[in-house]
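Please read the structure below before turning to the comments.
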Amino acid sequence: MAQEVRGVIAPGKNEPVRIETILVPDPGPGEAVVKVQACGVCHTDLHYKQGGINDDFPFLLGHEAAGVVESVGAGVTDVAPGDFVILNWRAVCGNCRACRRGRPWYCFATHNAEQKMTLASTGQELSPALGIGAFAEKTLVAAGQCTKVDPAASPAVAGLLGCGVMAGIGAAINTGNVGRGDSVAVIGCGGVGDAAIAGSRLAGAEKIIAVDIDDRKLAKAREIGATHAVNSKNSDAVEAIRELTGGFGADVVIEAVGRPETYQQAFYARDLAGTVVLVGVPTPEMKLELPLLDVFGRGGALKSSWYGDCLPDRDFPMLINLYLQGRLDLEAFVTETIQLDEVEKAFERMHAGDVLRSVVTL
Ligand code: APR
Ligand code: ZN
Ligand code: ZN
């Protein structure tokens, strides 16, 4: 029997979000229904609402979530009712070419629940944001989207690992392979960049240089672990990073903005043998022009980081344990907790740069 719950819907392009009653079916084979306890507000939710991702309205928004498994369908053995889980938007298949070559973070056959949640009033099918749809009291996902973690962690903190914070930490520890004693520069200190700073600190980086155009963001970045801060509105970011690294450039430069000028800064701010990690997502029309001699003349690596190249079942429990041991301050990322009916306002605050993360708690 489908259950009626409240959820936040984006009804059409650029229309304000609203709360509707939605129908959540019983879990089918390989599926789970999760009672959502917390869900962070992410830029991607805003992009869905603006029609920037696709036109499959109405969307059920929300995808940075943690909660408790309520019921599971046939064949589900990895999670059980009562488990505290973080949801991920990339349940890998285990069997495609990427998975079989030991690179599941490039899996191209990721899956979501097959059944659909619907609008109670019209029966319309809902498109859950990133296959999750967790601005709702309950949601239906593929069981592989649930990763069990220690329930001692607060849901608001745990949910953030489901997207932006994992993307940033993973950019540093998985993609960038930051190591003890490394110098790291992070360009763009929003939620993702700050998480890259936290990840670099965790990995033992010696110098962590935060770069942003907003002094408020730089102050927060220092709290999270940056050892140096550069306001690139007032000074040349590449020069400043070189100066702070003995003239060489950083071992790892992490770009967390997604713009041509910051991609360019990242390219030139690395040590000749350094690594550039691109985690900021550009738009289709953006281009970067580089002299080929500069491309040829610099060694190292240019890597993009997709969801922090994470493996949820490996990385979520580990990061939660580090948090519970007091070695990773995830609470610093929760600016405020809000109610379901405050998502629209949270988008405005996010847009104004006032918050790292607003988290809906239920
Ligand atoms: N130079 C340096 N910093 C900049 C610049 C610039 N030219 N332009 C913007 N910024 C800073 C902003 O001041 C802000 O602190 O980049 C930060 C971006 O942060 P958010 O908007 O909070 O975005 P966030 O959630 O951190 O995501 C950053 O990563 O995963 C991707 O899609 C995501 O592309 C986005 C990026
Ligand atoms: Zn997100
Ligand atoms: Zn696969």
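Here, each number is a calculation from the coordinates, and none is a lab measurement. Please read these numbers as outputs of a predicted model, since none were measured by experiment. Cβ placement follows ideal geometry from the backbone for every residue including glycine, while neighbour counts extend to all protein chains displayed.
Taking a point 7 Å out from the Cα of residue 15 in the direction of its Cβ, the residues of segment 303-345 whose backbone N falls within less than 19 Å of it are 341-345.
Going from the residue with the fewest nearby Cβ atoms within 10 Å to the one with the most, 42, 163, 107, 96 rank 96, 107, 42, 163. Using a Gaussian network model of the chain in which every pair of alpha carbons under 10 angstrom is joined by a spring, one finds that among 61, 311, 161 the greatest mean-square fluctuation is at 311. Taking label positions 7 Å along the Cα-Cβ direction at both residue 361 and residue 124, the computed distance is 3.3 nm, reported to one decimal. By DSSP, the beta bridges lying fully in the chain are antiparallel in about 55 percent of cases. Here's how it looks for residue 210: its modeled amide H is under 5 Å from those of 186, 227, 228, 229, 230, which are all 5 or more places away or on a different chain. Once backbone amide H atoms are built at 1.01 Å from N, residue 154 has no partners under 5 Å, excluding neighbours fewer than 5 places away on the same chain. Answer rounded, prolate or oblate for segment 253-346, using the Cα gyration tensor with square roots of eigenvalues a ≥ b ≥ c: rounded when a/c is under 1.5, else prolate when a/b is larger than b/c, else oblate. Since a/c reaches 1.5 but b/c is at least a/b, the shape of segment 253-346 is classed as oblate. Span-like helix criteria (full DSSP H runs; alpha carbon extent of at least 15 Å along the helix axis; mean Kyte-Doolittle hydropathy of at least 0.0) are satisfied in the chain by 191-202, 312-324. For residue 233, a cut-off of 23 angstrom between C-alpha atoms picks up these lysines, skipping any fewer than 8 places away in its own chain: 207, 217, 220, 287.
The fewest-to-most ranking of 345, 49, 207, 220 by surrounding Cβ atoms within 10 Å reads 345, 207, 220, 49. Within the set of other residues whose C-beta is less than 14 Å from the C-beta of residue 221, count the net charge using Lys and Arg as +1 and Asp and Glu as -1. That sum, taken over residues with Cβ under 14 Å, equals 0. Dividing the C-alpha radius of gyration of the chain by 2.2 N^0.38 Å, with N its residue count, gives 0.99.
Projecting the Cα atoms of 159, 177, 249 onto the charge dipole of segment 137-254, computed from C-beta unit charges around the Cα centre, puts 159 farthest toward the positive end. For segment 1-158, the dipole from Cβ point charges (+1 on Lys and Arg, -1 on Asp and Glu) about the Cα centre works out to 560 debye, to the nearest 20. How would segment 90-153 be classified by its alpha-carbon gyration tensor: rounded, prolate or oblate, with rounded meaning a/c under 1.5 and the a/b versus b/c comparison settling the rest? Because a/c hits 1.5 or more and a/b fails to exceed b/c, segment 90-153 counts as oblate. When a/c reaches 1.5 or more, the comparison of a/b and b/c decides; with that in mind, is segment 1-72 rounded, prolate or oblate per its Cα gyration tensor? In terms of gyration-tensor shape, prolate.
Between residue 302 and residue 352, the simple spin-label model (points 7 angstrom out along Cα→Cβ) gives 3.9 nm.
Pick out, from 278, 224, 320, the residue whose Cα sits farthest towards the positive end of the charge dipole of the chain, with +1 on the Cβ of Lys and Arg and -1 on the Cβ of Asp and Glu. So the residue we want is 278. Distance from the Cα centre of segment 99-137 to that of segment 190-268, in angstrom? Taking the Cα centre of each part, segment 99-137 and segment 190-268 sit 34 Å apart. The helix-only estimate of mean residue ellipticity at 222 nm for the chain, built from DSSP H runs of length n ≥ 4 each weighted as -39500 (n - 2.57), is -7000 deg cm²/dmol after division by the residue total.
Simple rule: put +1 on each Lys or Arg Cβ and -1 on each Asp or Glu Cβ in segment 7-156, find the dipole, and look at 65, 17, 121; the Cα lying farthest toward the positive end is 65. Computed from backbone phi, the HN-Hα couplings of segment 123-130 come to x, 4, 6, 9, 9, x, 4, 6 Hz, rounded to whole numbers (Karplus: 6.51 cos²θ - 1.76 cosθ + 1.60, θ = phi - 60°; Gly and Pro given as x). Dipole magnitude for the chain: about 760 debye, using +1 per Lys or Arg Cβ and -1 per Asp or Glu Cβ, origin at the Cα centre. Computed from backbone phi with θ = phi - 60° and the Karplus coefficients 6.51, -1.76 and 1.60, the 3J(HN,Hα) list for segment 286-295 is 6, 9, 10, 10, 10, x, 4, 5, 6, 5 Hz; x is used for glycine and proline. With the simple spin-label model, which puts each label point 7 Å out from Cα in the Cβ direction, the residue 261 to residue 109 separation comes to 4.5 nm.
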